[in-house]
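Notes follow once the structure below has been shown.
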Amino acid sequence: MMRFARLTQAVIVTVMLTLLAFAPAAGQTPAQRGNSFSVLISSTAGATSLLVGMTFRVNPTLDAVFAYSTVPSFAASELDAGFRYHFPVTSPVIDPYIGAGLAIAQIGGFGVAGMFLQTGAAFTLASQLRGYGGVSYVSAGGTTALVYDIGAEYLFSRQVRGVVGVTGASGSSSLYFGASLYY
(Lines give C-alpha, C1' and ligand atoms only; values in the text may rest on other atoms or scores of the structure.)
Protein backbone atom coordinates (compact mmCIF):
# COMPACT_ATOMS: atom_id res chain seq x y z
CA MET A 1 0.00 0.00 0.00
CA MET A 2 2.84 2.39 0.81
CA ARG A 3 4.38 1.64 -2.58
CA PHE A 4 1.15 2.68 -4.34
CA ALA A 5 1.10 5.99 -2.41
CA ARG A 6 4.69 6.76 -3.41
CA LEU A 7 3.98 5.87 -7.05
CA THR A 8 0.91 8.12 -7.03
CA GLN A 9 2.95 10.93 -5.50
CA ALA A 10 5.69 10.49 -8.13
CA VAL A 11 3.11 10.62 -10.95
CA ILE A 12 1.53 13.77 -9.50
CA VAL A 13 4.92 15.51 -9.19
CA THR A 14 5.89 14.51 -12.76
CA VAL A 15 2.62 15.74 -14.24
CA MET A 16 2.83 18.88 -12.13
CA LEU A 17 6.27 19.67 -13.59
CA THR A 18 4.86 19.07 -17.07
CA LEU A 19 1.91 21.37 -16.38
CA LEU A 20 4.20 24.11 -15.07
CA ALA A 21 6.42 23.77 -18.13
CA PHE A 22 3.58 23.76 -20.68
CA ALA A 23 1.11 26.18 -19.12
CA PRO A 24 2.53 28.41 -16.41
CA ALA A 25 -0.59 30.50 -15.95
CA ALA A 26 1.01 33.03 -13.62
CA GLY A 27 3.76 33.66 -16.15
CA GLN A 28 1.51 33.96 -19.15
CA THR A 29 -0.85 36.63 -17.87
CA PRO A 30 0.49 39.71 -19.70
CA ALA A 31 1.59 42.60 -17.51
CA GLN A 32 -1.62 44.53 -17.99
CA ARG A 33 -2.81 47.34 -15.82
CA GLY A 34 -6.49 47.84 -15.13
CA ASN A 35 -9.52 45.86 -16.26
CA SER A 36 -8.73 43.34 -18.99
CA PHE A 37 -9.63 39.91 -20.36
CA SER A 38 -7.03 37.78 -22.21
CA VAL A 39 -7.17 34.56 -24.23
CA LEU A 40 -3.82 32.95 -25.09
CA ILE A 41 -2.92 29.73 -26.93
CA SER A 42 0.45 27.96 -26.80
CA SER A 43 1.89 24.69 -28.03
CA THR A 44 4.95 22.74 -26.94
CA ALA A 45 5.92 19.24 -28.08
CA GLY A 46 2.45 18.62 -29.51
CA ALA A 47 0.60 19.66 -26.33
CA THR A 48 -1.65 22.68 -26.84
CA SER A 49 -2.65 24.79 -23.88
CA LEU A 50 -5.28 27.48 -23.49
CA LEU A 51 -5.12 30.31 -20.98
CA VAL A 52 -7.91 32.68 -20.00
CA GLY A 53 -6.87 35.55 -17.76
CA MET A 54 -8.54 38.56 -16.20
CA THR A 55 -7.31 41.57 -14.28
CA PHE A 56 -9.43 43.95 -12.24
CA ARG A 57 -8.27 47.33 -10.99
CA VAL A 58 -8.55 47.55 -7.21
CA ASN A 59 -6.90 50.99 -7.01
CA PRO A 60 -4.40 52.91 -9.21
CA THR A 61 -1.46 50.69 -8.17
CA LEU A 62 -3.12 47.34 -7.35
CA ASP A 63 -4.81 44.84 -9.66
CA ALA A 64 -6.50 41.54 -8.83
CA VAL A 65 -5.27 38.83 -11.24
CA PHE A 66 -7.08 35.62 -12.19
CA ALA A 67 -5.81 33.04 -14.70
CA TYR A 68 -7.04 29.62 -15.76
CA SER A 69 -4.94 27.42 -18.02
CA THR A 70 -5.61 23.94 -19.30
CA VAL A 71 -3.67 21.29 -21.20
CA PRO A 72 -6.45 18.93 -22.40
CA SER A 73 -4.10 16.22 -23.68
CA PHE A 74 -2.72 15.81 -20.13
CA ALA A 75 -6.13 16.29 -18.42
CA ALA A 76 -4.42 19.06 -16.45
CA SER A 77 -5.46 22.55 -15.47
CA GLU A 78 -4.26 25.35 -13.23
CA LEU A 79 -6.15 28.19 -11.56
CA ASP A 80 -4.26 31.21 -10.24
CA ALA A 81 -5.69 34.06 -8.18
CA GLY A 82 -3.69 36.87 -6.67
CA PHE A 83 -2.70 40.50 -6.76
CA ARG A 84 -0.22 42.51 -8.81
CA TYR A 85 1.22 45.74 -7.39
CA HIS A 86 2.42 48.32 -9.95
CA PHE A 87 5.14 50.59 -8.55
CA PRO A 88 4.15 54.26 -8.89
CA VAL A 89 6.85 55.57 -11.23
CA THR A 90 6.70 58.92 -12.97
CA SER A 91 7.90 57.62 -16.35
CA PRO A 92 5.15 56.65 -18.82
CA VAL A 93 7.64 54.32 -20.54
CA ILE A 94 8.12 51.69 -17.81
CA ASP A 95 5.64 49.91 -15.52
CA PRO A 96 7.45 47.68 -12.96
CA TYR A 97 5.36 45.29 -10.83
CA ILE A 98 5.43 42.52 -8.25
CA GLY A 99 2.71 39.97 -7.59
CA ALA A 100 1.70 37.03 -5.45
CA GLY A 101 -1.17 34.64 -5.15
CA LEU A 102 -2.60 31.16 -4.86
CA ALA A 103 -2.04 28.43 -7.50
CA ILE A 104 -4.34 25.40 -7.65
CA ALA A 105 -3.51 22.61 -10.12
CA GLN A 106 -5.70 19.65 -11.07
CA ILE A 107 -4.23 16.60 -12.80
CA GLY A 108 -6.73 13.89 -13.61
CA GLY A 109 -8.59 13.49 -10.34
CA PHE A 110 -5.80 14.85 -8.14
CA GLY A 111 -5.56 18.45 -6.98
CA VAL A 112 -2.67 20.32 -5.40
CA ALA A 113 -2.45 23.86 -4.08
CA GLY A 114 0.46 26.22 -3.77
CA MET A 115 1.50 29.78 -4.42
CA PHE A 116 3.21 32.01 -6.96
CA LEU A 117 5.45 35.08 -6.66
CA GLN A 118 6.27 37.22 -9.67
CA THR A 119 8.13 40.32 -10.72
CA GLY A 120 8.66 42.09 -14.02
CA ALA A 121 8.03 45.20 -16.05
CA ALA A 122 6.16 46.41 -19.11
CA PHE A 123 7.81 48.88 -21.48
CA THR A 124 6.31 51.24 -24.05
CA LEU A 125 8.40 50.65 -27.18
CA ALA A 126 6.36 52.74 -29.62
CA SER A 127 2.96 54.42 -29.66
CA GLN A 128 1.21 51.11 -30.52
CA LEU A 129 3.73 48.58 -29.17
CA ARG A 130 4.43 47.44 -25.60
CA GLY A 131 6.96 44.88 -24.51
CA TYR A 132 6.99 43.02 -21.21
CA GLY A 133 9.11 40.54 -19.34
CA GLY A 134 8.86 38.82 -16.02
CA VAL A 135 9.84 35.94 -13.81
CA SER A 136 7.46 33.88 -11.65
CA TYR A 137 8.28 31.42 -8.91
CA VAL A 138 5.55 28.77 -8.68
CA SER A 139 5.37 26.22 -5.87
CA ALA A 140 2.56 23.65 -5.70
CA GLY A 141 2.32 20.10 -4.39
CA GLY A 142 5.98 20.01 -3.37
CA THR A 143 7.06 21.01 -6.88
CA THR A 144 8.67 24.34 -7.71
CA ALA A 145 9.41 26.05 -10.99
CA LEU A 146 10.94 29.30 -12.09
CA VAL A 147 8.92 30.54 -15.07
CA TYR A 148 10.06 33.30 -17.42
CA ASP A 149 7.83 35.25 -19.78
CA ILE A 150 8.84 37.68 -22.52
CA GLY A 151 6.30 39.15 -24.90
CA ALA A 152 4.82 42.07 -26.78
CA GLU A 153 1.41 43.65 -27.17
CA TYR A 154 0.34 45.44 -30.33
CA LEU A 155 -2.41 47.98 -29.75
CA PHE A 156 -5.01 47.62 -32.49
CA SER A 157 -7.25 50.06 -30.63
CA ARG A 158 -7.66 51.35 -27.10
CA GLN A 159 -9.58 48.20 -26.16
CA VAL A 160 -8.04 45.45 -28.34
CA ARG A 161 -4.43 44.27 -28.23
CA GLY A 162 -2.72 41.36 -29.94
CA VAL A 163 -0.27 39.42 -27.75
CA VAL A 164 2.71 37.26 -28.74
CA GLY A 165 5.42 35.93 -26.49
CA VAL A 166 7.54 33.09 -25.23
CA THR A 167 7.40 31.46 -21.82
CA GLY A 168 9.33 28.62 -20.30
CA ALA A 169 10.21 26.61 -17.24
CA SER A 170 12.31 23.57 -16.38
CA GLY A 171 14.34 23.74 -19.58
CA SER A 172 11.42 23.92 -22.01
CA SER A 173 9.79 26.88 -23.66
CA SER A 174 6.74 27.62 -25.75
CA LEU A 175 5.52 30.35 -28.04
CA TYR A 176 2.09 31.77 -27.32
CA PHE A 177 -0.26 34.20 -29.03
CA GLY A 178 -3.67 35.64 -28.37
CA ALA A 179 -5.61 38.81 -27.65
CA SER A 180 -6.38 41.09 -24.73
CA LEU A 181 -9.55 43.12 -24.40
CA TYR A 182 -9.58 46.17 -22.13
CA TYR A 183 -12.83 47.48 -20.70
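For this structure, a couple of remarks:
- Amide proton proximity set for Asn35, modelled H, under 5 Å, gap of 5+: Arg57, Tyr183
- Proximity of backbone amide H atoms, modeled 1.01 Å from N, is registered between Ser170 and Leu146 at under 5 Å, excluding neighbours fewer than 5 places apart on the same chain.
- Karplus-derived HN-Hα couplings along region 132-141 (A = 6.51, B = -1.76, C = 1.60, θ = phi - 60°), whole Hz, x at Gly and Pro: 8, x, x, 10, 10, 9, 10, 10, 8, x
- Across the accessible surface of region 41-183, with the other protein chains kept in place and a 1.4 Å probe, carbon and sulfur atoms take up 71 percent.
The values are calculated or read from the model by the stated rules, or taken from the named source; none is laboratory data. These figures come from a predicted structure and were not determined experimentally. We work out accessible area using only protein heavy atoms, side chains counted, and drop any ligands, DNA or RNA first. Shrake-Rupley method; radii C 1.70, N 1.55, O 1.52, S 1.80 Å.
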